[in-house]
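Taking it in order: structure first as structure tokens, then the write-up.
The values are calculated or read from the model by the stated rules, or taken from the named source; none is laboratory data. Given the structure is predicted, the values throughout are model-derived calculations rather than measurements. Cβ: placed from backbone, ideal geometry, glycine included. Neighbour counts: every protein chain shown. All accessible areas refer to the heavy atoms of the entire protein, side chains included, with ligands and DNA or RNA removed. Shrake-Rupley method; radii C 1.70, N 1.55, O 1.52, S 1.80 Å.
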Amino acid sequence: DLNGAWSPWYTIHKVMAGLLDAYLYCNNQKALNIEKGMADWTGDVLKDLNDAQLQKMLLCEYGGMNEVLVNTYAFTGDKKYLDLSYKFHDRVVLDSLANGVDILPGRHSNTQIPKVIGTVRRYELTGDKKDFRTGDFFWKTVVNHHTYAPGGNSNYEYLSEPDKLNDRLTDNTMETCNTYNMLKLTRHLFALEPKAALMDYYERALYNHILASQNHHTGMMCYFVPLRMGTKKEFSDEYNSFTCCVGSGIENHVKYGESIYFKGSDGSLFVNLFIPSQLDWKEKNMRITLESNIPADKKIKITVATSKPQSLSLKVRKPHWATGAIAASVNGKVVQVSTQPYGYITIQRQWKRDDVLELNFESSVYAVSMPDNANRKAFFYGPVLLAGNLGTAEPDPMNGIPVLV
């Protein structure tokens, strides 16, 4: 609550971000003009508040206001919007993270993630290393110490002590908005410093939280993806439930093509996710087709179509779940591959029309234990978390749930 309104800056951020998207993707100049007007109004509203008042204001969830103002600066070149972004800098949280302090226990998870995205976006434009440290430490802390096996975080929307998850498995775990924003933060960090570990997390959360948050018969979405034993997912309906996670959910399920491919700063191509897809790379007059049926099939197939031979460094993520040696072939002939320190298999060659690269990613069932209970395990096959189908009737949580001993 802020002056009687429920998270007003959070809502304003959504409108401003949507207007910037309309400008960015549709070249709608009117949308940018309206968004600039909202940014100017924001500056006018805040101009007479002192620092203590601003910090008090920021106790109320404010979405990604710092990010949208930084993006306004990026589009307009007007530094006043960059300066304004610092008025949405929650010093208690963000400065603690920049100094390597986990201040997250007891805090509302999705209040923190958008403001951290804003600091990383600002680093991209200013080079302020403090902003980068904030995002880097936050990501490592949340993913390594506050995240459940499927890749989501929070219980009843809140974070608790690091590595204390065993007693926090309820009907209200893993708010979907949180993972929507964690994937966004991961993309920013990967663009700055490509590492397989970032995309290992991205894949885990995309497959096991985001994909699992939609009802594939109705298209409706989950606010929470619950982890209590014997629970069932509750989906929104078409008319009577419109939560934040329905809003981000509408975006989630049209974005499965996002982040499969990244262009390296040296002109290389990163293949991050093994989602069947086709990349039309107009800049190189090249088409990349990725065929995959992981986890049912261990093999991925990449076909390069080019009108003339071209040199290209193809960098394919070595997934953490492929623990054996990687068998690779080009046009049926075995080739030797090595994994770079940042976790990508690199194939540098002169690619010709319809060259085919095949990689075998051997996997098996493996278990991941709770950080605070070695005997409570999640079972995976490849990137996919396994689950028990207990039927349509909700079982008795004390007697009706089979367990592995």
Quiz prompt | Considering residues of segment 315-325 that are in a loop (DSSP other than H, G, I, E, B) and either β-branched (Val, Ile, Thr) or within 11 Å of residue 196 (Cα to Cα) (or both) only, the residue most open to solvent (accessible area, probe 1.4 Å) | solution = 323
Quiz item: Limited to segment 252-274, what total is found for residues that are under 20 Å from residue 320 (Cα atoms) and open to solvent by 30 Å² or more (accessible area, probe 1.4 Å)?
Solution: 2
Self-check item: residue 274 vs. criteria under 30 Å from residue 310 (Cβ atoms), at pLDDT 95 or above and in a loop (DSSP other than H, G, I, E, B)
Solution: yes
Practice problem: Name the residue, out of 239, 201, 180, that is open to solvent by less than 20 Å² (accessible area, probe 1.4 Å) and either of a type in the set (Phe, Trp, Tyr) or more than 21 Å from the chain's Cα centre (by Cα) (or both). | Solution: 201
Exercise. Any chance you could count how many residues in segment 331-354 are touching a residue at least 24 places away in the same chain (Cβ under 8 Å) and either under 20 Å from residue 273 (Cα atoms) or in contact with a helix residue (DSSP H, G or I) (Cβ under 6 Å, 6 or more places away or on another chain) (or both)?
Key: 8
Quiz item: Any idea which residue in segment 1-10 is most open to solvent (accessible area, probe 1.4 Å), counting only those that are modelled with pLDDT under 95 and under 28 Å from the mean Cα position of the chain (by Cα)?
Solution: 6
Quiz prompt | Inter-residue pairs, beta-carbon under 8 Å, first open to solvent by less than 70 Å² (accessible area, probe 1.4 Å) and in segment 20-42, second not in a helix (DSSP H, G or I), 6+ apart | solution = 22/28
Practice problem: Would you check if there is a residue in segment 326-337 being part of a loop (DSSP other than H, G, I, E, B), closer than 21 Å to residue 225 by Cα, open to solvent by 30 Å² or more (accessible area, probe 1.4 Å) and at pLDDT below 95? | Solution: no
Practice problem: Sort through 34, 103 and tell me the only one that's farther than 24 Å from residue 185 by Cβ and of a type in the set (A, V, I, L, M). | Solution: 34
Quiz item: If you check residue 182 against the conditions, is it outside any strand (DSSP E or B), of a type in the set (A, V, I, L, M, F, W, C) and either farther than 17 Å from residue 117 by Cβ or without any contact (Cβ under 8 Å) to a residue 12 or more places away in the chain (or both)?
Solution: no
Quiz item: Out of all the residues in segment 56-90, which are open to solvent by 40 Å² or more (accessible area, probe 1.4 Å), more than 20 Å from residue 125 (Cβ to Cβ) and part of a helix (DSSP H, G or I)?
Solution: 56
Exercise. Please specify each residue of segment 344-370 satisfying the condition of being within 25 Å of the chain's Cα centre (by Cα), of a type outside the set (Ser, Thr, Tyr) and surrounded by 16 or more Cβ atoms within 10 Å (Cβ to Cβ).
Key: 345, 361, 370
Exercise. Would you mind finding the one in 113, 103 that is of a type in the set (Val, Ile, Thr), within 22 Å of the chain's Cα centre (by Cα) and assigned to a loop (DSSP other than H, G, I, E, B)?
Key: 103
